[in-house]
1. Can you give me the P(r) profile for chain B? Cα pairs, bins 10 angstrom wide beginning at 0, each as a whole percent.
2. Nearest 20 debye, what's the magnitude of the dipole of chain B about its Cα centre given +1 on Lys and Arg Cβ and -1 on Asp and Glu Cβ?
3. How much length is gained if the chain between A:ASP45 and A:ASN72 is pulled fully straight, taking 0.36 nm per residue apart and subtracting their Cα-Cα distance, in nm to one decimal?
4. Could you give the alpha-carbon Rg of region B:139-293 over 2.2 N^0.38 Å, rounded to two decimals?
5. Under the definition of Cα pairs under 8 Å and six or more residues apart, what whole-number percent is the relative contact order of region B:139-293?
6. Given the pairs A:LYS60/B:LYS219; A:LYS219/B:LYS321; A:LYS326/B:LYS206; A:LYS206/B:LYS14, which are separated by over 25 angstrom at their Cα positions?
7. Which residue, A:THR49, A:SER92, A:THR66, has the largest displacement toward the positive end of the dipole of region A:47-95 when charges sit on each Cβ (Lys, Arg +1; Asp, Glu -1)?
8. Suppose a student asked you for the relative contact order of region B:1-142, using Cα pairs under 8 Å spaced at least 6 residues apart; what percent would you report?
Number of protein chains: 2
Amino acid sequence: MLQAALASGAAHRKTVFEVFTRRLSGGRRYGVLAGTGRFLEGLHDFRFTSDEIDFLADRKVVNEQTLDYLRNFRFTGTIRGYAEGEIFFPHSPVLQVEATFAEACILETFILSIFNYDSAVATAASRMSVAAGTRPCLEMGSRRAHEEAAVAAARAAVITGFAGTSNLEAGRRYGLHTIGTSAHSFTLLHDSEREAFEAQLESLGKDTTLLVDTYDVEKAVRLAVELAGPELGGVRLDSGDLVAQAQYVRELLDSLGNTGTNITVTSDLDEDAIASLAAAPVNAYGVGTKLVTGSGVPTSSMVYKVVLRENSEGVMEPVAKASSGKASIGGQKSAVRRLNAEGRATAEVIGVDITAPADSNDRDLMVDLVVDGAVQPGFTGAEGVRRASERHARSLTELPVAATRLSPGDPVIPTEFVNS
Amino acid sequence: MLQAALASGAAHRKTVFEVFTRRLSGGRRYGVLAGTGRFLEGLHDFRFTSDEIDFLADRKVVNEQTLDYLRNFRFTGTIRGYAEGEIFFPHSPVLQVEATFAEACILETFILSIFNYDSAVATAASRMSVAAGTRPCLEMGSRRAHEEAAVAAARAAVITGFAGTSNLEAGRRYGLHTIGTSAHSFTLLHDSEREAFEAQLESLGKDTTLLVDTYDVEKAVRLAVELAGPELGGVRLDSGDLVAQAQYVRELLDSLGNTGTNITVTSDLDEDAIASLAAAPVNAYGVGTKLVTGSGVPTSSMVYKVVLRENSEGVMEPVAKASSGKASIGGQKSAVRRLNAEGRATAEVIGVDITAPADSNDRDLMVDLVVDGAVQPGFTGAEGVRRASERHARSLTELPVAATRLSPGDPVIPTEFVNS
């Protein structure tokens, strides 16, 4: 595609590409944008190495003109979009790339890979955080996702309200709070559960969480209290009927005088399971598989479409495809979240080829991320995660209360288009 | 966990950990193991960098004894397992790690991340390849998965029968056949469809595939034939009712004399959609989203459990947890695929603490992957992918024909345990 466009000369035409979804997969009430920080970090170093160029040359994937273009590639365009952690709806222009066709086209897969995965996890994680209310959710899903996706998932989870992650690499890269846990293998490694608990308490102190379902939950809880006394930090349950187990263990702990010992539950939790544990005496949720796989929606179905391009006379023109069921809307978009007098969101307003009209309550959603190739400050690294997390919490409070419904349904606010 | 075990001394006990699934998620009839090559490539370089150690030290994640252990970490154990591309069933011991607890414990997340993701994709891809029969499947899903997961997915797809991938990085790393495609944006970039088609044909020759559903399919097909003549390689359809569209376009191409022009279809294909296109005049399938997300089963639910460990007297003992619904089976496993006189598989036979009994037809499934820390040759890089692909094709032909059923159900052969 690039080779043909370089040969025809069209590769150097100015274009505007937009990232959006046509619908919210899985009947989600809202989507959460995540991945911006990772995208900008990657864009900063986006070059083709000599190994990569040699591969394309040796295998004759592209011609010499294209190899030359790739050897010198640097992104020099401008990118706007929703800030990371922001909530989005169908057709929200979450990212907008202004660049030559060649530059915009090269970034397509990189952009979609990041935003599709990270936003799928963030959307699921936000629902889980909402379902958990004031109780902390802990991210423990690394083992159920590709090893690098796991790092991105931990990051997306913390942006959307998770209190910490067991992924130490994510902690290192993004300054996230990290947590640890002991597995059944640790108990089984020792000659007895007593020896295992003693070893853990000796090394980590009494404010630790002991896993109590390797053999017999009642015996393990009694043993844990015998060894650690009333200062025992917590116990973890990872199997069985968690509501009944939590109730039983809470009563047992209380009867032994351990009213301050927490109960953490794990075991294939999703937002529905978390909601169903709301009345159970649980202090924290450890979430794994369902988090890193987007809780049934493993990708956000975001697409990257050209909406405006220069014609042969140098004039910018809106363009759109007419494909059956997949038609796109030509023209550069703008977006505001319409807020009523109480500051509650009532619509996502998308301006097509005009600035979306806004009154003083409304909130402009587009921010500058890259200007003429320069990544703008504040979106990357630990600072980016911290700001995205704050932004997500604020945006969520603006939504109507129906946003917290877990059942599939329509987006909680409608998307409205305003044309010139 | 590691810190407590180092402090108690138990970290240096010999252990055997096994990777297996308790069930085949999604009612799959068989699973496909993938990821071995990636795991062994990663294991070869598995060290902790000074940046990583500094992070753990600065954040006081672990104590000095543990930091020392990690600074000097090298894996020195022995690993056996099913070869990559092999088919597996519930409780198949697809990987078996013999090492000290500390060494085995450190690899847990790395192992599970790789095998859970790669096997989920491979299992879905195998079903798609089976559904496609002799027609080629092409991997085009990178944009719907994390950017590194996308590379792993392309690799897993080729192992299980896909003819090529659009992921050039996967092609570079693993010697895969790569393919390209033009998007709607390429057509929209030009002032007219005619100019776009001319540019593509000029640059790539007549043996290229033109995307014909940007505006009007009939007009686009007529234009493509007008410009390229009877030598036009192919056309791609990416929207609408693909069965009806393919039928219509085939008749149109034939009526214009282009009986040799292929039809490639794309648009959210999964194994069921591919099967439903079996009678349609389609020449190739481009598969994206559903492939890289495991077609509804985005992770393989593999677990990593200690099954044997040294006790305080230095004697190896089987161990198992009793957790409700998640009980494990203690003791080191072996595995053969029982084959009848016609060479057809009839059972997965798992020996528990003994060598699984086998007659001359049966096939031993465990191979040496790492011996005393040394990665064995033949499993990594392009050679590993090529051998895994051949192995998968052979193993698939051994299964009963019911293996090709796409509907959810029981595994196509039962798992039988043989105890000493």
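Values quoted throughout were computed directly from the atomic coordinates according to the rules given, and no laboratory measurement underlies them. Note that the structure is predicted; figures quoted are calculated from it, not measured. When we count neighbours, we look across all protein chains shown, and the Cβ atoms used for this are built from the backbone with ideal geometry, even at glycine.
1. 4, 20, 26, 21, 14, 9, 5, 1, 0
2. Using Cβ point charges on Lys, Arg, Asp and Glu, chain B gives about 1020 debye.
3. Extending this stretch completely gives an extra 8.4 nm.
4. Working: Rg = 15.6 Å, N = 155, 2.2 N^0.38 = 15.0 Å.
Taking N as the residue count of region B:139-293, the ratio is 1.05.
5. Values: 241 pairs, mean separation 35.2, N = 155.
Relative contact order, region B:139-293: 23 percent.
6. Pairs exceeding 25 Å: A:LYS60/B:LYS219; A:LYS326/B:LYS206; A:LYS206/B:LYS14.
7. Highest projection toward the positive end goes to A:SER92.
8. Values: 173 pairs, mean separation 55.4, N = 142.
The value is 39 percent.
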